[in-house]
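First comes the structure, then the notes that go with it.
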Amino acid sequence: MDPAKKTFISVVIPCYNEEAILESNLKKVVCFLEGKRDKYLWELVLVDDGSKDNTGKIVDEFAKHRTDVQVIHHSINLNLGLALQTGFLNAKGEVIVVLDVDLSYSVEYIEQMVDKLVETSADIVLASPYMKGGKVTGVPFSRRVMSKWVNRIMRIAAQDKYHTYTAMVRAYRTSFIRSLNLKTRDYEISPEIMYKAMILRARIEEIPAHLDWTEQNKFAGKRTSSIKVLRGLFSGIMSAFIFRPYIFFLGLGTILMILSLYELIWLLHDTLVDMKLAYMQSPRPDDAFSFSLALQFRKNPQSFIVGGITFVAAIQFFSLGFLSLQNKRYFEELFHLGTYFKKQKDI
């Protein structure tokens, strides 16, 4: 193939304390890419994120005699978000593929994601184990359940429906990913990219993928870079909240309003039923409704308290929902403007 027609891809791999698996897995990645030289121009971008073990030395030695491998070192651990941003900034290819160094997603997905991106003119291609055709193997039960449900919550919260929002393994059009003003420092960067991409109406595609921890489990206890389950669950729920915060407020407000109306409607029913008795007992017949209402309060004071408090709380949550909707729209407009000016500055 004419080199001018080949797609130039940059495979970005962030690394933190990965000495146990690093060298062997990097060899697998390079071996795969070497076999695709007739199809792609490529480079490997390794970001050592302030590792405390021998990761830095290993990647330096690996790249020592290779012109197609570049290594960037963070002097301290800046976390995944900034490690990826460093990779995005230094990549030279027209397409960036992010790969996890543990190869829990096989190297074959590099080709599949790049081909999908080129064929569909997409801005992002996701490797999704949760869509039809994808599967998960060897992932611990607690983490598998956490990941699946966090992504399901995000799917409910997001306006555009995809199956995987948290996975790091993706392909990006370089010009697009650099146009995003990313702020997240940690694991939340993947949902942040999805959120901001959807604001800009980016073309996002998914391919079914196999998330396989079979090999990774052999190194249990020897790697220190994996995310904690509870931390991942909390960050995932917070990321889902950011997609459309107003649906959480409006949803909770609706539930409280239903509970409130249930109590208040029954109070009204009982009050009207007892109107006849109240009419006979009330000193002033025209005050029968008030007398009946007072009678109900003496009989069921808890219904007034619960119904009243939940009604006021429901109104408060509805108000928060509408305010968050308004703020979200303001943010989206500002983000559109900021992205436009950033693109103009880069030109």
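What follows draws every value from the coordinates through simple rules; no lab data is involved. As the structure is a computational prediction, the values presented were derived from the model and not from experiment. When we count neighbours, we look across all protein chains shown, and the Cβ atoms used for this are built from the backbone with ideal geometry, even at glycine.
What FRET efficiency, computed as 1/(1 + (r/R0)^6) with R0 = 35 Å and r the Cβ-Cβ distance, is obtained for I258 and T137, rounded to the nearest 0.05?
0.25
Taking the chain as the reference, fit the longest principal axis to its C-alpha atoms, fit the long axis of helix 108-120 to the helix C-alpha atoms, and give the angle between the two in degrees, 0 to 90, nearest 10.
70
Sort V71, V95, V145 so that the residue with the fewest other Cβ atoms within 10 Å of its own Cβ comes first and the one with the most comes last.
Going from least to most buried by this count: V145, V71, V95.
At 7 Å along Cα-to-Cβ for each site, give me the label-to-label distance between V118 and S24 in nm.
3.2
Quick one: angle between helix 245-273 and the longest Cα principal axis of the chain, in degrees between 0 and 90, rounded to 10, please.
20
State, to one decimal in nm, how far the label point of F8 lies from the label point of L200, with both points 7 Å from Cα in the Cβ direction.
2.0
Picking from I207, I265, I72, which is most flexible by a Gaussian network model of the chain using Cα springs under 10 Å?
Of I207, I265, I72, the most mobile in the Gaussian network model is I265.
If the cut-off is 16 Å between C-alpha atoms, which aspartates and glutamates fall inside it for K6, apart from same-chain ones fewer than 8 positions away?
E34, D38, E43, D68, E94, E111, D115, E119
Percent relative contact order of the chain, based on C-alpha pairs within less than 8 angstrom and at least six residues apart?
Reported relative contact order: 17 percent.
Near I207, within a Cβ-to-Cβ distance under 12 Å, what is the net charge of the other residues, with Lys and Arg +1 and Asp and Glu -1?
Taking every Cβ under 12 Å from that of I207, the sum is -3.
Only bridges whose two residues both fall in the chain count here: according to DSSP, what percent of them are antiparallel, nearest 5?
Counting only bridges with both partners in the chain, antiparallel ones make up about 20 percent.
Would you mind checking the tilt of helix 141-157 against the longest principal axis of the Cα atoms of the chain, expressed as 0 to 90 degrees and rounded to 10?
Its long axis makes an angle of about 70 degrees.
Determine the alpha carbon to alpha carbon distance for each of K196/K218; K5/K28; K57/K148 and list only those over 31 Å. Walk me through the numbers on the way to the answer.
Numbers: K196/K218 37 Å; K5/K28 26 Å; K57/K148 36 Å.
Checking Cα-Cα distances, K196/K218; K57/K148 exceed 31 Å.
Between A158, A63, A209, find the one with the highest GNM mean-square fluctuation for the chain; connect C-alpha pairs within less than 10 Å.
Looking only at A158, A63, A209, the largest GNM fluctuation is found for A63.
Given the -39500 (n - 2.57) contribution per DSSP H run of 4+ residues, what per-residue ellipticity at 222 nm results for the chain, rounded to the nearest 500 deg cm²/dmol?
Helix contribution divided over all residues of the chain: -18000 deg cm²/dmol.
Restricting to Cα pairs below 8 Å that are 6+ residues apart, what does the relative contact order work out to for segment 1-126? Please round to a whole percent.
With pairs under 8 Å counted, the relative contact order is 34 percent.
Fully extended, how many nm does the chain gain between E61 and R185 (0.36 nm per residue separation, minus their Cα-Cα distance)? Write down the numbers at each step before the final one.
Details: separation 124, 0.36 × 124 = 44.64 nm, distance 2.78 nm.
Extra length from E61 to R185 when fully extended: 41.9 nm.
With no solvent and one equal point scatterer placed on each C-alpha of the chain, evaluate the Debye formula and give log10 I(q)/I(0) for q = 0.06 Å⁻¹, two decimals.
Relative scattering, expressed as log10 I(q)/I(0), comes to -0.33.
Would you please give the FRET efficiency between R329 and N77, computed as 1/(1 + (r/R0)^6) with r the Cβ-Cβ distance and R0 = 41 Å, to the nearest 0.05? Walk me through the intermediate numbers first.
On the way: r = 37 Å, r/R0 = 0.89.
After rounding, the FRET efficiency stands at 0.65.
In percent, what relative contact order does segment 7-81 have, based on Cα pairs under 8 Å that are 6 or more apart in sequence?
It rounds to 39 percent for segment 7-81.
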